[in-house]
There are 2 protein chains.
Amino acid sequence: MRIAQVAPLYEAVPPGAYGGTERVIAMLCDGLVAQGHDVTLFGPETSETDAKLEAFEPPLRERFSGDELVNLAPHLHLRMLAELYERADEFDVIHSHLDIWTLPFTHLCDRPTVLTMHGRLDLDHLRDLLPRYGSVPLVSISDDQRLAVADLDLTWAATVYNGLDLTAYSEVPHDPDGYLGFVGRIAEEKGPLAAIEISRRTGLPLRMAAKVDPLDVSYYEEEVRPQMGPDVDFVGEIDEGEKPAFYAGARATLFPSDWPEPFGLVMIESLAAGTPVIALRRGSVPEVIEDGVSGFICDDVDEMVEAAERIGEIDPDACRRRAERFSAERMCRGYVEVYEALVRGPSPRRAAAQGGAASPTAIDGVPLPRRAVPVPGVIGGPPVTSTGGR
Amino acid sequence: MRIAQVAPLYEAVPPGAYGGTERVIAMLCDGLVAQGHDVTLFGPETSETDAKLEAFEPPLRERFSGDELVNLAPHLHLRMLAELYERADEFDVIHSHLDIWTLPFTHLCDRPTVLTMHGRLDLDHLRDLLPRYGSVPLVSISDDQRLAVADLDLTWAATVYNGLDLTAYSEVPHDPDGYLGFVGRIAEEKGPLAAIEISRRTGLPLRMAAKVDPLDVSYYEEEVRPQMGPDVDFVGEIDEGEKPAFYAGARATLFPSDWPEPFGLVMIESLAAGTPVIALRRGSVPEVIEDGVSGFICDDVDEMVEAAERIGEIDPDACRRRAERFSAERMCRGYVEVYEALVRGPSPRRAAAQGGAASPTAIDGVPLPRRAVPVPGVIGGPPVTSTGGR
């Protein structure tokens, strides 16, 4: 298949360090090329990919900040989309990672477009906007992500979990007596204070490998750093090459994320290194972690403290086996099935006219809900996991 | 000609009260229909027009504010544009008043698009973005407006001054002994404090007919209101019907706007009522007012005080004659010439490929600079006024 991939222009693909979406796009492009597809990546200069690169801008974050970025970025993304859609006939399917900015172009050509929604969906303007494009096929990166818009009439093509290249993680030996690990970004919703509290109460050392965005510097300086005792080692942002050893050296990875995380790459990176995850029950966590098998799912910090003390019960091999559900190969297969169904389906113009879906009905043989997944216990019924449940 | 007009969705066309762009679009639509053109207005519900109305949303400002408006408005405008460009073949020319949001669609069809730039152009993101669409024909609403981007390689189709329906103003008698008038919006750059100072120093009463936007309430309460003495009558926002009498009752209209105003409808409304304008030398002012004939152009508040004391020297009939240069009919003629030249020119795709212009070379017989007008005294050469100079 001739596939166009469209990446945000903020960071190179793959990114230097922090940037989950960009890393996923990089693996998807390389994986699809490895499977013999003809892939063109529309994205920033300095990206490195096995796909053909249509480079548009040096990564925006290197050049702009603040208001200038806010004012200019939408228009540079729209320009890239315009140039892609002018050439839409060259592709069998267009897969955009720019979410709603892509929507206005989807009906302007006869080629199907699928959007992966990489962010949270519980935002007012998304609730208002998405139903206006109800026939455009969307991919969620967890079933939980859809719950915020479960009452809206949307076309969900599939849930395709983010994937990881497991090979780099397969060699490192897990240290069951290591530190507690925290990886990601210093921001209130990521729970860095909970991680510090768990370390203090268990007496276990904590290593934090985390980025501090300019916006979060004052939170870090005023709220987080004063809480760090001598048992906390703040190592700052780490790159992809450093990650396997960082995770493997931890007895457990703490994931005290206190917002509906749509996916959480940190969890699968940890599992791939054989390191169990201790997480709050939020967002995608119950779809990624099997409670008591590949980690513990907790309802509060007290339970996370208890879990840290029992972490030796978890088998590192069970973690690695769990990670295999989230391999790059599996992600690529999931997306190829979506593309194939779209190519077989009606054209986007026809789908829009019918108000209906140009979407597949099953992934991995498991039937898909065409509309959003119901909220368990709220609207009724358990979530359906498109990759086959857990 | 079959002409699509595209209006912002914030306010109805014409607007209830404040909203110069919307009023101009309303007059343009009605004027083009009166000339026999087939006009379709893409804009908000509750608009009233002689054109065919393709209504998209109730005016956004009635429903949203703050962050919600900022997050949602671009996407609702893009959706309207997408639906228009899906039907581009139904029109001979597309005239958009949404400026840069329109740009990504311009090359996706074979019909020419022209954008009127209604706002200031001295903004970083515009300087970065506009040259990327250098072949898209742009209309400025004053020659001065272009100066901020005079060094960029853009395609200026024309300057077409905003127009006014003069009939409502032609009947009201000008009162040479009336108050000083201030019309517009309370905001620092509009100079309300200068107006109050001029009133105090001349001993002439001031009437202010001005809107206070939610964002400007604290400026009004803290900076402006405390300066208002007993000789200042603040009447708040007035509607179109009240304007002719308000202007005519003023001996002069103060226009102490201290930013590069792209056009300034207040000035022509005042002139149409026979009321001279006392203005700071900024933006379009020297293109609208003839110093000493239809008002005074001043370099500071001291000069504006002097001018107010000499205002009896100005002949009201000279003001009305000046206003005729800015009639709705003249504006419509200016735009029709632009449309005709575009329809005769190469298709937008071809123009983009050539990096060249699909633009007219003259308006009212006066040759047009294809590129931006040079800055007098800075880059050299006087500005060229497309409606024939003054």
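The values are calculated or read from the model by the stated rules, or taken from the named source; none is laboratory data. Just so you know, these numbers come straight off a predicted model, no measurement behind them. Positions of Cβ are backbone-derived with ideal geometry, glycine not excepted, and every protein chain shown enters the neighbour counts. Protein only, heavy atoms only, side chains kept; ligands, DNA and RNA dropped before computing areas. Shrake-Rupley method; radii C 1.70, N 1.55, O 1.52, S 1.80 Å.
At a glance:
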{"item": "Solvent exposure, largest accessible area first (probe 1.4 Å, DNA, RNA and ligands not counted), of A:Thr49, A:Thr253", "result": "A:Thr49, A:Thr253"}
{"item": "Lysines whose Cα lies under 18 Å from that of A:Lys211, excluding same-chain neighbours fewer than 8 positions away", "result": "A:Lys190, A:Lys243"}
{"item": "Total charge dipole magnitude, region B:39-116, about the Cα centre, Cβ charges on Lys, Arg, Asp, Glu only, Debye to nearest 20", "result": "140"}
{"item": "B:Leu123 - accessible surface, heavy atoms, 1.4 Å probe, Å² rounded to 10", "result": "60"}
{"item": "Spacing of the two label points (7 Å from each Cα toward its C-beta) at A:Glu237 and A:Leu123, in nm", "result": "2.0"}
{"item": "Label spacing, shortest first and in nm, from B:Val217 to its equivalents in the remaining copies (7 angstrom along Cα→Cβ)", "result": "3.4"}
{"item": "Exercise: per-residue mean of other protein chain Cβ atoms within 10 Å, B:70-79", "result": "6"}
{"item": "Amide N proximity, region A:109-130 versus A:Val343 label position 7 Å along Cα-to-Cβ, cut-off under 17 Å", "result": "A:110-115"}
{"item": "Per-copy distances of the B:Pro205 label point, shortest first, in nm (7 angstrom along Cα→Cβ)", "result": "8.3"}
{"item": "Other-chain or far-sequence residues with amide H under 5 Å of A:Gly178's (modelled H)", "result": "A:Arg251"}
{"item": "Point-charge dipole on Cβ atoms (K/R +1, D/E -1) for region B:95-202, about Cα centre, debye to 20", "result": "180"}
{"item": "Residues whose placed amide H lies under 5 Å from that of A:Leu108, excluding near-sequence neighbours", "result": "none"}
{"item": "Using a Förster distance of 25 Å, the FRET efficiency for A:Glu313-A:Arg201 (Cβ separation, nearest 0.05)", "result": "0.85"}
{"item": "Rounded to 10°, Cα long-axis angle of helix B:66-86 versus longest principal axis of chain B", "result": "40"}
{"item": "C-alpha center-to-center spacing [region B:257-279, region A:182-232] in angstrom", "result": "58"}
{"item": "Cut-off 20 Å, label 7 Å out along Cα→Cβ of A:Leu193, residues of region A:204-221 by amide N", "result": "A:206-221"}
{"item": "Selection from A:Leu154, A:His125, A:Pro176, by position along the positive dipole direction of region A:118-230 (Cβ)", "result": "A:Pro176"}
{"item": "Ascending list, in nanometres, of distances separating the B:Arg63 label from those of the other copies (7 Å, Cα toward Cβ)", "result": "3.6"}
{"item": "DSSP bridge orientation in chain A - percent antiparallel, rounded to nearest 5", "result": "5"}
{"item": "Rough spin-label spacing in nm, given labels placed 7 Å along Cα→Cβ, for B:Ala55 and B:Asp177", "result": "4.9"}
{"item": "The protein assembly as shown, dipole about Cα centre (Lys/Arg Cβ +1, Asp/Glu Cβ -1), debye to the nearest 20", "result": "2020"}
